[in-house]
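**Student:** Handing you this structure, nothing more for now.
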Ligand code: ADP
Ligand code: F6P
């Protein structure tokens, strides 16, 4: 029976991480399990930067963006000797198991620690929605709503000035933020790495749209596909649409988590503690339909993420 658990947040922060920390803490305390917050991800684990949590520790954080435990990138954790030193720090306070909230890199760290005898459970904390085998990740819904808000505002000015407006959004190689936001806001075009990018096709579509009397256009594109400022110049030259490009950037990672993210983070945090209590490790938590399940990290990381083809097909059905 596990007596003491740690919780940390790692990699890029995501709204809802605080709700996950809170759920892990409360579930532990309700079960009589001691719980430590680990500051600054794996870096803090290595340095023994631990805070023992009580019933007051996670008050007033369910609604807050970011992560009050802070996050860090710590590539040194890939070295076994560094992980061994972290385990020594855990032993000093009797920490037997760990909940890691982060993306696929953080999952690798959790797996590596589990293989060294420390049961770890990963929670998908990333705005990108790029983790295989889970319908949604913690933070995706909040980031999506931030983008929707930005696109609605851009529509106002785009329409007033009869412009084409391009918005580049985050997601790394995952186009879900672009697709869901583009659909929500009636974008003329949505470009993702999954759908591929044909610049001539985009320009032809915008020309046609202009020819049918459209006076403005919104284009949403996932980061790392092309230089959007250069693209704007080429669109303007080829179509006659005055064009402006915007890169939304890190504001997508902040803000108060939506109800959907709070619920997801809370349910996943509870499940993580339950699995550790059963003596399980090397698992990550996924949402599959209405179920919250634990799946082997090795399996999940071995899968290529299956994006929701249906939603990408729907994008094409309502194009122009
Ligand atoms: P994310 O978790 O958002 O994908 P990163 O890829 O930066 O973000 O990973 C977060 C942290 O996880 C890294 O800084 C490192 O401490 C740890 N990590 C990443 N890959 C590994 C690995 N192969 N083995 C051990 N730890 C890892
Ligand atoms: O993984 C989350 C994310 O925000 C990605 O969407 C983006 O590509 C990356 O992190 C940005 O990383 P950084 O905060 O290190 O610039």
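Taken together, the values in this text are just the output of simple stated rules run on the coordinates, not laboratory data. It should be emphasised that the depicted structure is a prediction, and the values quoted were computed from it without experimental measurement. FYI the Cβ positions are ideal-geometry reconstructions off the backbone, even for glycines, and counts take in every protein chain you see.
**Student:** Counting only DSSP beta bridges with both residues in the stretch 179-320, tell me the antiparallel percent, nearest 5.
**Tutor:** Counting only bridges with both partners in the stretch 179-320, antiparallel ones make up about 65 percent.
**Student:** Give me the one-decimal nm value for the distance between modelled label points at residue 317 and residue 87, 7 Å along each residue's Cα-to-Cβ direction.
**Tutor:** 5.2
**Student:** For helix 80-93, report the angle its Cα long axis makes with the longest principal axis of the Cα atoms of the chain; keep it between 0 and 90° and round to the nearest 10°.
**Tutor:** Once rounded, the angle reads 60 degrees.
**Student:** So if the hydrodynamic radius of the chain is defined as the Kirkwood radius over C-alpha pairs, what does Stokes-Einstein give as its diffusion coefficient at 4 °C and 1.567 mPa s, in µm² per second?
**Tutor:** 63
**Student:** To test your reading of the geometry: what angle, between 0 and 90 degrees and rounded to tens, separates the Cα axis of helix 104-115 from the longest principal axis of the chain?
**Tutor:** Taking the Cα atoms of the chain, the angle to 104-115 is about 20 degrees.
**Student:** Order these by the 10 Å Cβ neighbour count, fewest first: 316, 8, 177.
**Tutor:** So the ranking, lowest neighbour count to highest, is 316, 177, 8.
**Student:** Highest first, please rank the peptides 68-79, 136-147, 276-287 by the mean number of other Cβ atoms sitting within 10 Å of their residues.
**Tutor:** Top of the packing list down: 136-147, 276-287, 68-79.
**Student:** Could I ask something else about it? Label points 7 Å out from Cα along the Cβ direction at residue 161 and residue 291: separation in nm?
**Tutor:** It works out to 5.1 nm between the two label points.
**Student:** Same structure, new question: Calculate, in nm to one decimal, what residue 64 and residue 1 gain on full extension: separation in residues at 0.36 nm each, minus their alpha carbon distance.
**Tutor:** 19.4 nm
**Student:** Now for a different question. Can you give the convex hull volume per residue for the Cα atoms of the stretch 59-134, as a whole number of Å³?
**Tutor:** 120
**Student:** Still on this structure, I have one more. Given a Förster distance of 51 angstrom, what is the FRET efficiency for residue 277 paired with residue 250, based on the Cβ-Cβ distance and rounded to 0.05?
**Tutor:** Step by step, r from the Cβ atoms, then E = 0.90.
**Student:** Rank the residues 166, 311, 225 as a footprinting-exposure proxy: fewest other Cβ atoms within 10 Å of their Cβ go first.
**Tutor:** 311, 225, 166
**Student:** Which angle between 0 and 90 degrees, to the nearest 10, do you get for helix 259-277 versus the longest principal axis of the chain when only C-alpha atoms count?
**Tutor:** The two axes meet at around 30 degrees.
**Student:** Would you mind ranking 251, 268 so that the residue whose beta carbon has the fewest other beta carbons within 10 Å leads the list?
**Tutor:** Going from least to most buried by this count: 251, 268.
**Student:** Given the Cα-Cα distance of residue 54 and residue 115 and 0.36 nm per residue of separation, how much length would full extension add, in nm?
**Tutor:** Result for the pair: 19.0 nm of gain on full extension.
**Student:** Do the sum for the chain: with -39,500 (n - 2.57) for every DSSP H run of n ≥ 4, divided by all residues, what is the mean residue ellipticity at 222 nm, to the nearest 500 deg cm²/dmol?
**Tutor:** -13500 deg cm²/dmol
**Student:** To check my understanding: the extent here is largest minus smallest coordinate of the Cα atoms along each principal axis. What are those three numbers for the stretch 185-320, in Å, largest first?
**Tutor:** 64, 29, 25
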